Amino acid sequence: MLTIKKLTIPGYEQVIEGVDPARKLHCFIAIHNTVLGPALGGTRIYPYGKPEEALHDVLRLSRGMTYKSAIAEDGLGGGKSVIIADSHTQKTPELLHAFAEVLDSLKGQYIAAEDVGSTLADMALIRQKTPYVASLPGDRSSGDPSRFTAWGIFRGIQAVSKKLWHTKSLRGRSVAIQGLGSVGAKLAILLFWEGARLIVTDLDQRVTHSFAHDYSAEVVGTDEIFSVPCDIFAPCALGAIVNSDTVKSLKCAAIAGSANNQLDTDETGWKLMEKGILYAPDYIINSGGIINAAAEFEPGGYNPSVARDKTNHIYDHLMKIFHRAEAEKKPTNEVANALAEYHIAHKIGKRKIPIQFS
């Protein structure tokens, strides 16, 4: 029997926990802020060791989604969901339908989309039980967001290059990519054709071997990626990988990747600044996916060209952050947070036309 429990978390509009033992569901949905519009964020399916870890993750991720949408001005708020399960062995239609019932109870305050461990096909299954889903397969939907996320990361890396080396060209620059999943792989290919030198790592050695062969990538171990000398480190796996331990090992000039919540704490931004490492705030550089998903709700319907053009502005957002951080002598993550909070406080980019669900 499905049970839905409301949790009281200071600073969050609504957090719920859904449990259905028969269908093996244990999930959390966190709505951080809906001042600018209904919350939209991915559904992460991951085998967390403890429920407390899943709750901690969904809270951090939903806050990041609020800031991401605030700066992108996509008329959406911040939310996220996590399902405690191994996406390879425990994901079933029954589990996804049970999650859909939890999602439906929020009546559109939160819209689910694809994320780590979930796919377009999963979103289609969830859509069978609730209309509050984005990133669906089909002609009228935005589809796979990873192509837009990867393009946004590429544009962000160009901004890093412009700031550090006064050119957008990446020819000859070394980029160390941690994780060759749906985003990391696409980013690596874009960088290869731009003339960058690739250094890669992934848990799947078949993938790294393929990139070594097809794109002249240097393969290093999963632990070695933190200390390998490179121009840019691009984390494209899970979060909290830039912390007090790994900061000491980093031998890069900048960090610019797709992973969410790359810094373990906001204070780590100061450590990067003290070490002279330029950090591209994750929720700005990786916002291409949410920009693409939000385009589904435009009055004229989804248009990939509009989503592409808006994703290109990631370059401009980051240049603004970099210059302001330098002028104010503050870490880029703190400057980005302040800008996002300003947008929320002054309702910049607030949705004017309500989303119609069918």
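The values are calculated or read from the model by the stated rules, or taken from the named source; none is laboratory data. Nothing here was measured: the structure is a model prediction, and the numbers come from that model. As a convention, Cβ positions derive from the backbone with ideal geometry for all residues, glycine included, and neighbour counts pool all protein chains shown.
Taking (1) surrounded by 14 or more Cβ atoms within 10 Å (Cβ to Cβ); (2) free of Cβ contacts under 8 Å to residues at least 24 places away in the same chain; (3) within 16 Å of F148 (Cβ to Cβ) in turn, K320 satisfies each apart from (3). Under the condition of being over 14 Å from the mean Cα position of the chain (by Cα) and under 23 Å from A338 (Cβ atoms), the residues counted in region 25-58 number 9. For region 264-295, filtering for residues that are of a type in the set (A, V, I, L, M), farther than 13 Å from F233 by Cα and either outside the structural domain of C230 (by TED's automatic domain parsing) or outside any helix (DSSP H, G or I) (or both) leaves 0. Residues that are touching a residue at least 24 places away in the same chain (Cβ under 8 Å), more than 14 Å from D104 (Cα to Cα) and in contact with a strand residue (DSSP E or B) (Cβ under 8 Å, 6 or more places away or on another chain) within region 16-29 comprise D20, L25, H26, listed in sequence order. Confirm whether A327 is among the small types (G, A, S) and surrounded by 23 or more Cβ atoms within 10 Å (Cβ to Cβ). Here the answer is no, as A327 does not meet what is asked. One residue stands out in region 265-282 among those that are under 17 Å from the mean Cα position of the chain (by Cα) and at pLDDT 95 or above: the one that is nearest to A240 (Cα to Cα), namely D282. Every test in (1) under 19 Å from L278 (Cβ atoms); (2) out of contact with any Pro (no Cβ under 8 Å at 6 or more places or on another chain); (3) not aliphatic (A, V, I, L, M) is passed by S210 save one, and that test is (1). Only one entry of D74, D86 meets the criterion of being outside the structural domain of A240 (by TED's automatic domain parsing) and either under 22 Å from P145 (Cβ atoms) or not in a loop (DSSP other than H, G, I, E, B) (or both), and that entry is D74. Does S305 fit the bill of being within 25 Å of G138 (Cα to Cα) and surrounded by 23 or more Cβ atoms within 10 Å (Cβ to Cβ)? For S305, the condition - within 25 Å of G138 (Cα to Cα) and surrounded by 23 or more Cβ atoms within 10 Å (Cβ to Cβ) - is not met. Residues in region 89-136 that are out of contact with any Cys (no Cβ under 7 Å at 6 or more places or on another chain) and either aliphatic (A, V, I, L, M) or closer than 17 Å to T149 by Cβ (or both): 25 in all.
Taking region 1-60 as the region of interest, the strands (runs of 3 or more DSSP E) fully inside it that hold 1 or more residues being buried (at least 19 other Cβ atoms within 10 Å of the Cβ) are 14-20, 25-33, 39-46.
In region 330-358, the residues that are more than 23 Å from L318 (Cα to Cα) reach residues that are part of a helix (DSSP H, G or I) and not acidic (D, E) with C-beta atoms within less than 6 angstrom, at least six apart or across chains, in these pairs: I355/F297. Restricting the search to helices (runs of 4 or more DSSP H) fully inside region 91-172 and requiring at least 2 residues that are surrounded by 24 or more Cβ atoms within 10 Å (Cβ to Cβ) and charged (D, E, K, R) gives an empty result.
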